[in-house]
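See structure below.
Nothing in this text is a laboratory measurement; each read-out follows from the coordinates by a stated rule. Only a predicted model underlies this, so the values are computations on that prediction, with no experimental measurement involved. Note that we place each Cβ from the backbone using ideal geometry, even for glycine, and neighbour counts take in every protein chain shown.
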Amino acid sequence: MNRASLVEYVQRGLGKDASRVAADRAVSLVIEGIKAGLQKDKAVQLIGFGTFKVVQRKARLGTNPKTLQPLSIQQSRTVKLAVGKELKSGL
C-alpha cells in the first residue's frame, strides 16, 4: 500500500461525505504528529500498532558495493518501529 492507497482507504472509512482532500489532510496530520512526537519525546506509542523510537546507530565499517573497498560509516540517528502485539497477530 502506498500513500495514495492509504488516503483512498481513509476516505472510504470516513464515509461518502468525506472528500479526498480531507482524507489526505488526515493522513498528513497523523504523519506530522508522529514526527513531532519523535522530535519532542524521542518515542511515539500507538497502542495496538507499535512504538516508534529514535535510536542512535554506532559508527561502523562498511563496504562500497561497487569497489568492495572498506569505508567508514559515521554514527547516525534513525527511527525504529517495535511492532505491537495486536498488529503482529493480525498479519
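Data for the structure
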quantity: Listed peptides 33-40, 20-27 by packing density, highest first (mean Cβ within 10 Å); calculated: 20-27, 33-40
quantity: Relative contact order (percent, whole number), the chain, Cα cutoff 8 Å, 6+ residue spacing; calculated: 21 percent
quantity: Size of electric dipole in the chain: Cβ of Lys, Arg +1 and of Asp, Glu -1, about Cα centre, debye, nearest 20; calculated: 440 debye
quantity: Relative contact order for the range 42-91, counting Cα pairs under 8 Å that sit 6 or more residues apart, in percent; calculated: 42 percent
quantity: Shape category assigned to the range 42-91 from the gyration tensor of Cα positions, a/c cut at 1.5; calculated: oblate
quantity: Crossing angle, helix 20-41 versus the chain [Cα axis fit, 0-90 degrees, rounded to tens]; calculated: 40 degrees
quantity: Cα-based Lys proximity count in the chain, under 30 Å, for pairs eight or more positions apart or on separate chains; calculated: 25
quantity: Positive minus negative residues near LYS53 (Lys, Arg vs Asp, Glu; Cβ under 11 Å); calculated: +2
quantity: Structure-derived mean projected area of the Cα convex hull in nm²: which label, when the choices are (1) 6.5; (2) 8.9; (3) 4.9; calculated: (2)
quantity: Within a Gaussian network of the chain (alpha carbon springs, distance under 10 Å), most fluctuating of THR78, THR63, THR51; calculated: THR63
quantity: Between 0 and 90°, nearest 10: helix 3-14 axis offset from the chain longest Cα axis; calculated: 30 degrees
quantity: Summed residue charge, Cβ within 14 Å of LYS42's Cβ, Lys/Arg positive, Asp/Glu negative; calculated: +4
quantity: Selection from ASN2, VAL30, VAL83, by position along the positive dipole direction of the chain (Cβ); calculated: VAL83
